[in-house]
Amino acid sequence: ELGFNGTASWSKDELLASASKRPVYTRKWSFMSSYAKQRGYAKMGTGHYNFKAGVPYQFDPEFEVFANEYAKQLATTKDDPYLLGHFCDNELPFRIECLDKYLKLEQTEPGYQAAWKWLQERKGEENPALDSITDEDCKDFLGFSMDRYYEVVSKAIRKHDPNHLYLGSRLIRVSGIESAIRAYGKHADVMSINWYGAWMLEPERTANWAEWTVKPFIISEWYAKGHDVPGLTNESGAGWLVKTQKERGYYYQNMALNLLARKNAVGWHWFRYSDNDPEDLTTDPSNRNSNKGIVNVEYELYTDLANAMKQVNKQAYRLIDFFDDSASAHDDQGE
């Protein structure tokens, strides 16, 4: 009724499958976090897993074996026409400082060995000085390390489910780095990106994505929380903070219109359907006391927010045509 046409991570897909009008759904897996947890390298943090050395372990030879075995689970839904595709992980610690962190591992670690070999080849020296490492080195190594992760995971996913989209790893924090996006777009069918900390996704950033890769993107997590709900102090979570539900609606419309105008954007997933329950202490610490929902914990609709969502959602395809026509007009006039 509000114009949404699918569900995102952590939804109750089995329950939704029984609906008379079943929504399209996605599946969120944990390739790297499950591997690292099994090896004792990771534990659950706030909103995502924390890795012992602050880096993922895609250079481990065992990871490729693990990924192929883990991906066998995907075969159970490989013929489901309601499945849009798969997220492989959530917010992995891909960071600009990865090269430095890998080089601080024990020298017997595959991650250290991969980083050291890369640096030797990069500098053309047998013993390159660590103080010679530049920002460009760090950026390019980040792309190299991400390429390895996505190569392993995408291969495993497509082997066991060749019929659905590979939606990436719900990237965060490094979407402005060219080497990172090029590595991402090389392997993902659609680049999922979680977006926080800004009123809107600036057009310059999405234009860069279009230049760096032909792959489209989906904003896989974003939200605003209102400061007008009794009992919810909004201390947890990373969403944009506004005063009222009406302002949450403004935020939604601003972001959605911005995305509809981008030719390489193919969708967005609002986080989340229902509010946090402050009395439920079993949840992740990032989901304890914030107004994130379209409904509250009693499943009562936030009308001002919902109406604003519906206005845009119901007109999404007309709005796309409008923005496309406007862009064509500007192009014809040389603007």
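Computed quantities for the displayed model
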| item | result |
| --- | --- |
| Principal axis dimensions, largest first and in whole angstrom, of the stretch 109-156 by Cα | 37, 22, 16 |
| Inter-label distance for Val24 and Trp116, nm, one decimal - labels placed 7 Å from Cα along Cα-to-Cβ | 4.8 |
| Eligible lysines near Lys37 by straight Cα distance, threshold 17 Å, same-chain separation 8 or greater | Lys28, Lys52 |
| Rounded Å value of the spacing that divides the Cα centres of the stretch 251-325 and the stretch 67-140 | 32 |
| Farthest positive-ward along the chain dipole, Cα basis, beta-carbon charges - from Phe217, Asn127, Asn296 | Asn296 |
| Estimated FRET transfer efficiency (Glu298, Ala198; beta-carbon r; R0 35 Å; 0.05) | 0.65 |
| Calculated FRET efficiency for the pair Lys37/Gln107, C-beta based, R₀ 25 Å, to 0.05 | 0.55 |
| Kirkwood-type radius of the stretch 37-182, with distances r between different C-alpha atoms, in Å | 16.5 |
| (i) 64, 57, 42; (ii) 76, 55, 39; (iii) 57, 44, 40, with the label sought being that of the calculated Cα extents along the principal axes in Å | (i) |
| Accessible area in square angstrom per residue, the chain, 1.4 angstrom probe | 50 |
| Beta bridges per DSSP with both ends in the chain, % antiparallel, nearest 5 | 15 |
| Carbon + sulfur, % of accessible area of the stretch 1-86 - ligands and nucleic acids excluded, 1.4 Å | 52 |
| 0 to 90° range, to nearest 10: angle between helix 203-212 axis and the chain longest Cα axis | 40 |
| Size of electric dipole in the stretch 218-335: Cβ of Lys, Arg +1 and of Asp, Glu -1, about Cα centre, debye, nearest 20 | 60 |
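The values are calculated or read from the model by the stated rules, or taken from the named source; none is laboratory data. Predicted, not measured: the structure shown is a model, and the values here were computed from it. Here Cβ is always computed from backbone atoms with ideal geometry, including for glycine, and neighbour counts include all displayed protein chains. Ligands, DNA and RNA are stripped out before the accessible areas are found, and what is left, the full protein with its side chains, is counted by its heavy atoms. Shrake-Rupley method; radii C 1.70, N 1.55, O 1.52, S 1.80 Å.
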